[in-house]
Amino acid sequence: MAVKIRLSRIGSHKKPFYRIVAASGEKAVQKKFIEILGTYNPCADKGVQFNIDKDKFDKWVSLGAKPSDTVMTLVKKQAK
């Protein structure tokens, strides 16, 4: 079972909002996930756009989960 850390959209039409989740690689993006790691709101005005539990993220990466390119970009931006 390959675990991926990716975005799962839960927002409405023209108002995107995403959860950062650890999910099985075989499942569709909108289907069940293993754990919620954080959130991402691209429409936030100067507020908190990206929120992630770094401990959970590090735990999943150490267990072999592969983050998507978008998630890695967001994590790197937050680390700055």
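Since every read-out is calculated from the coordinates, none of them should be taken as a lab result. None of the values given here were measured: they were computed from a predicted structure. Positions of Cβ are generated from backbone atoms using ideal geometry, with glycine treated the same way; all protein chains shown enter the neighbour counts.
The table for this structure:
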{"quantity": "Violating pairs (Cα-Cα greater than 24 angstrom) within the set K54/K77; K15/K77; K15/K56; K32/K59; K14/K80", "calculated": "K15/K56; K14/K80"}
{"quantity": "Contour excess over end-to-end distance, with Cα ends at S8 and I34 and 0.36 nm allotted per residue", "calculated": "8.2 nm"}
{"quantity": "Difference of contour (0.36 nm per residue) and Cα-Cα distance, K59 to Q78", "calculated": "5.1 nm"}
{"quantity": "Cubic angstrom per residue, convex hull over Cα atoms of the chain", "calculated": "90"}
{"quantity": "Unit charges on C-beta of K, R, D, E only; dipole of the chain, Debye", "calculated": "220"}
